[in-house]
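First up is the structure itself, then whatever we jot down about it.
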Amino acid sequence: MKRTHCPICGGDSVELAFPHPARSMLSDGRILQRSLAKASCLSCGAAYHASGISGDEVRAIYDDEYALARWSPKSDAQRARTYRNWIRTESAAPQNILEVGCGSGALLSELLETWPEASGFGLDPALPEAARSGGKIRLMRGFVEQIPQDGRRFDLIIAINVIEHTAAPEMFLKALRAHLAPDGQIVIICPAAHPPNLELLFFDHLYSLTSVALREASTAASLAISKQTAAPRDIGDFQMIILKPSPSAPIVSLATSPASLHAARHDYLDRWARLDQTLLDRVAPGSRLLVFGGGQTAALLRTYAPKTWSLAETIAVDDPSEAWTLGPAVVPYQDVRPRSGSTILIATSPHVQSAIAERLSRDGLRPITWNDLIPC
């Protein structure tokens with residue numbers, strides 16, 4: 001395996017398996033005709049693009065076509081409420097809130113309902129057209145370096161699912177620190193690095209950050225991790241770190257050795273490389289497939305299991321308004337329930353496939369799951 005040097009800590013790294021030899025996917029579902037070549041550091045445990053991604057390449061991803069914040073408005077609102085509940089348990093009432101990567105602005109709205117005395121400023125490079133400033137919330141399209149240099153300082157800075165998209169995490173944290181009030185805190189929420197999970201498959205997830213990698217990046221930005229915690233179960237495979245201005249930081253150790261983490265990631269991506277054939281073996285020859293689920297996981301199947309996806313003729317979901325545009329026609333699930341005996345591929349997170357399979361089986365359908373091959 002080819003070795004590279006980690007951009008976080010400088011340690012030796014080893015390349016990971018390709019989930020597909022010639023294609024990959026952005027987090028909003030767009031397919032790239034470019035393989036996903038990532039490496040895993042044997043020192044800090046970070047995973048990253050082995051070939052490197054420039055700042056200009058990162059900016060090009062978040063053009064007018066980037067649609068993640070527009071795909072599922074009801075789910076977006078629910079996520080905002082869930083994140084609000086998590087954040088308010090870890091933060092005192094702020095006066096000025098900055099959210100970098102604010103999406104639609106839904107979370108800022110929720111936070112200002114919780115803290116009505118506060119004001120909020122949101123920044124996102126792919127700010128949806130429908131997102132509007134109003135009241136005590138100001139929204140702006142742009143990247144972190146475009147935050148106005150007007151001397152304003154924020155006592156709460158939030159970045160949810162952003163740091164993993166940045167070309168240089170330590171520079172991103174330095175930029176946030178420049179806008180932090182002396183007694184303020186930065187709340188970073190990002191995917192958990194272990195065990196390997198779906199986030200490893202997104203091309204625009206430039207990093208998967210362990211506790212040690214986050215410490216390295218934070219220390220380089222003159223920030224200290226005051227708290228690190230795993231997400232509540234209803235949020236999923238995510239982690240929160242709370243940062244405060246400080247030149248010193250506590251020693252952090254990895255729960256899993258970097259070598260073991262590399263092996264787990266390599267195995268995980270190799271399982272994705274085998275998924276297409278595994279699913280084809282589970283489909284009767286000549287079958288046309290129903291698919292249950294029309295979100296990000298379904299988009300991953302379209303990308304990394306293209307032969308199986310080519311058999312899909314209909315996507316069934318409980319709420320068609322939440323479905324992504326993935327090719328096959330989208331219908332309400334209640335419309336396919338009468339098709340007793342039909343084969344239906346479950347295209348949801350592996351965590352919930354068993355429960356969904358029970359539901360579909362009760363309705364007389366024949367579900368195909370794949371959480372035995374890829375459990376998370």
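Among Val14, Ser27, Ser40, whose Cα sits farthest toward the positive end of the charge dipole of the stretch 3-53 (+1 at Cβ of Lys/Arg, -1 at Cβ of Asp/Glu, about the Cα centre)?
Ser27
Of the listed peptides 93-102, 229-238, 78-87, what is their order by residue-averaged count of other C-beta atoms within 10 Å, with the highest listed first?
Most protected by this proxy first, the peptides run 93-102, 78-87, 229-238.
Select from Ala22, Ala221, Ala46 the residue whose mean-square fluctuation is largest in a Gaussian network model of the chain (Cα-Cα springs shorter than 10 Å).
Of the options given, Ala22 has the highest mean-square fluctuation.
Per-residue counts of other Cβ atoms within 10 Å, averaged by peptide: what ranking do you get for 329-340, 150-161, highest first?
Going from most to least packed, we get 150-161, 329-340.
Averaging over every viewing direction, what projected area does the convex hull of the Cα atoms of the chain cover, in nm²?
18.4 nm²
Using the Karplus curve 6.51 cos²θ - 1.76 cosθ + 1.60 with θ = phi - 60°, what ³J(HN,Hα) values do you get for each residue of the stretch 284-291, in whole Hz, with x for Gly and Pro?
My calculation for the stretch 284-291 gives 4, x, x, 6, 10, 9, 8, 10 Hz in order.
If Lys and Arg each add +1 and Asp and Glu each add -1, what is the summed charge of the other residues whose beta carbon sits under 10 Å from the beta carbon of Ala192?
-2
How large is the translational diffusion coefficient of the stretch 1-40 in µm² per second when you combine the Kirkwood radius over alpha carbon pairs with Stokes-Einstein at 37 °C and 0.692 mPa s? Mind showing how you got there, number by number?
Numbers: Rh = 11.3 Å.
It comes out at roughly 290 µm²/s.
Would you please state the base-10 log of I(q)/I(0) at q = 0.18, 0.27, 0.28 1/Å for the stretch 304-372, with intensities from the Debye formula using one equal scatterer on every alpha carbon?
Scattering profile of the stretch 304-372, log10 relative to I(0): -0.71, -1.50, -1.53.
Based on the Cβ-Cβ distance from Ala178 to Glu358, what FRET efficiency comes out when R0 is 51 Å, to the nearest 0.05?
On the way: r = 51 Å, r/R0 = 1.01.
Efficiency computed from Cβ-Cβ geometry: 0.50.
Sort 296-305, 177-186 for me by packing, meaning the mean count of neighbouring Cβ atoms within 10 Å per residue, highest on top. Intermediate results must be reported in sequence, preceding the final value.
Numbers: 296-305: 23.3, 177-186: 17.7.
The peptides rank, most packed first, as 296-305, 177-186.
In whole angstrom, how far apart do the alpha carbon centroids of the stretch 323-364 and the stretch 1-23 sit?
36 Å
How far, in nm, would the chain grow between Ala77 and Asp12 when pulled straight, counting 0.36 nm per residue and subtracting the alpha carbon separation?
Stretched fully, the Ala77-Asp12 segment lengthens by 19.3 nm.
Residues with amide H under 5 Å of Phe238's amide H, sequence separation 5 or more or different chain, H placed in the peptide plane at 1.01 Å from N; which?
Sorted by chain and number, the residues that satisfy this are Ala192, Ala231.
In debye, nearest 20, what is the charge dipole magnitude of the chain about its Cα centre with +1 on Lys and Arg Cβ and -1 on Asp and Glu Cβ, if you could check? Don't skip to the answer; put the middle values down first.
Values: 37 positive and 39 negative charges, 74 e Å.
Charge dipole, the chain, about its Cα centre: 360 debye, nearest 20.
Show the residues, 5+ positions off or on another chain, whose built amide H is closer than 5 Å to the amide H of Ser119.
Asn96, Ile97
If you build the convex hull over the alpha carbons only and average its shadow over all orientations, what do you get for the stretch 238-376? Give it in nm² to one decimal. Could the numbers behind the result be given before it?
On the way: hull surface 45.6 nm².
With the hull built on Cα positions only, its mean projection is 11.4 nm².
222 nm [θ] for the chain, helices only, -39500 (n - 2.57) per DSSP H run of 4+, per residue, to 500?
-8000 deg cm²/dmol
Out of the GluC sites (Glu not before Pro) in the stretch 114-211, which ones are loop residues according to DSSP with at most 10 other C-beta atoms within 10 Å?
Sites meeting the loop and neighbour criteria: Glu117, Glu129.
Under a Cβ-Cβ limit of 4.7 Å, which cysteines in the chain have nobody to pair with?
Cys102, Cys190, Cys376
Check His20: other-chain or 5+ apart residues with amide H under 5 Å from its amide H, H built from backbone geometry?
Placed amide hydrogens put Leu36 under 5 Å from His20.
Coordinate-derived values only; no laboratory data. Remember, it's a predicted structure, so these values are computed and weren't measured experimentally. Cβ: placed from backbone, ideal geometry, glycine included. Neighbour counts: every protein chain shown.
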